[in-house]
Amino acid sequence: MRGLVIHAGTDKQGRAEAFGELRLSAGDVVAVVGPTGSGKSRLLADVEGLAEGDSPSRRVVEPLGAEAPRIARVAQQMQFSVDLRVAEFLALHGRVAWGSEAAVPVVDTIAWANALVGEPFAPDTPLALLSGGQSRALMISDALHITRADVLLVDELENAGIDRRAALDGLLACGAVVVLATHDPLVALAAPRRLIMAHGAVASIRERSGAEGLSLYRLREDARRREIARSSLILGHEVGPDLFGEQPT
């Protein structure tokens, strides 16, 4: 798949979106930002379903290329209702997605997921025992390594305590069209382009500026320190002012 074209729809009052059409090529990463209720999840749903003007937004999402794209969506809440262990689930999904279990990267998929969470899980861990963060990390890793999605949609990457920086590094380099609905400034600025939502529509489209690139650097450093502090706290260690380059007064 070469990419997608999103043709403008309407807002909640039936007024046309102003952008005309939006082209997303393989490797593009865009953030979708806006207040709660502004239409972020609706936009992801339109892309997921390759809307044909039949959704409340009346958008049309057109894939570029002869083959239908592989689309994966990681929702805010992940729940498993199958009685399988992690490795069994990944092998089964790989057999469905690839037609064979022979080369399914089960070990790599679990290892990458564990890099995103503070408490690792094992291949024989029952899916029902995974925490919310572990479940989302597993599904992001599955989308990258097993589904090998052409289009990856992630709703609120920052939720459930996964390592945002590590997740973003993988998503930015995966080569898929990645759409991130978020309230988090680090996630929003990590995307070179962002869609600003209001009243159920795309109100404007912004490219990341040079000044915002500097802000992104500072936010990444802040996220690194926060991750160290979080890991230290949950392991029972003291978090002192030296973490922030300060001396006690």
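Quick one: which of 72, 31 is buried (at least 18 other Cβ atoms within 10 Å of the Cβ), closer than 19 Å to residue 147 by Cβ and either in contact with a helix residue (DSSP H, G or I) (Cβ under 7 Å, 6 or more places away or on another chain) or assigned by TED's automatic domain parsing to the domain that holds residue 204 (or both)?
Unique residue meeting the criteria: 72.
Within the span defined as region 215-235, every residue fails to be loosely packed, with under 14 Cβ neighbours inside 10 Å and more than 23 Å from residue 159 (Cα to Cα). Does region 55-77 contain at least one residue that is over 21 Å from the mean Cα position of the chain (by Cα), in a loop (DSSP other than H, G, I, E, B), farther than 24 Å from residue 161 by Cβ and among the acidic types (Asp, Glu)? Looking for residues that are over 21 Å from the mean Cα position of the chain (by Cα), in a loop (DSSP other than H, G, I, E, B), farther than 24 Å from residue 161 by Cβ and among the acidic types (Asp, Glu), one finds at least one in region 55-77, hence yes. Among the residues of region 186-214, the ones that are exposed (fewer than 15 other Cβ atoms within 10 Å of the Cβ), within 18 Å of the chain's Cα centre (by Cα) and without any contact (Cβ under 8 Å) to a residue 60 or more places away in the chain come to 0 in all.
Within region 1-19, the set of residues being without any contact (Cβ under 8 Å) to a residue 12 or more places away in the chain and acidic (Asp, Glu) is empty.
Conditions tested, residue by residue: (1) touching a residue at least 24 places away in the same chain (Cβ under 8 Å); (2) touching a Leu at 6+ places or on another chain (Cβ under 8 Å); (3) farther than 19 Å from residue 154 by Cα; (4) not small (Gly, Ala, Ser).
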| position | (1), (2), (3), (4) |
| --- | --- |
| 39 | yes, no, no, no |
| 44 | yes, yes, no, yes |
| 48 | yes, yes, no, yes |
| 60 | yes, no, yes, yes |
| 74 | yes, yes, no, yes |
| 91 | no, no, yes, no |
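Every condition in (1) in contact (Cβ under 8 Å) with a residue 40 or more places away in the chain; (2) of a type outside the set (D, E, K, R); (3) more than 22 Å from residue 47 (Cα to Cα); (4) part of a loop (DSSP other than H, G, I, E, B) is met by residue 135 except one, and the failing one is (4).
Summed over region 38-61, residues that are among the acidic types (Asp, Glu) and surrounded by 15 or more Cβ atoms within 10 Å (Cβ to Cβ) total 2. Taking residue 172 as the residue in question, decide whether it is surrounded by 13 or more Cβ atoms within 10 Å (Cβ to Cβ), in contact with a Leu (Cβ under 7 Å, 6 or more places away or on another chain) and either more than 26 Å from residue 139 (Cα to Cα) or not β-branched (Val, Ile, Thr) (or both). So residue 172 does not fit the description; no.
The values are calculated or read from the model by the stated rules, or taken from the named source; none is laboratory data. Nothing here was measured: the structure is a model prediction, and the numbers come from that model. Cβ atoms come from the backbone with ideal geometry, glycine included; neighbour counts cover every protein chain shown.
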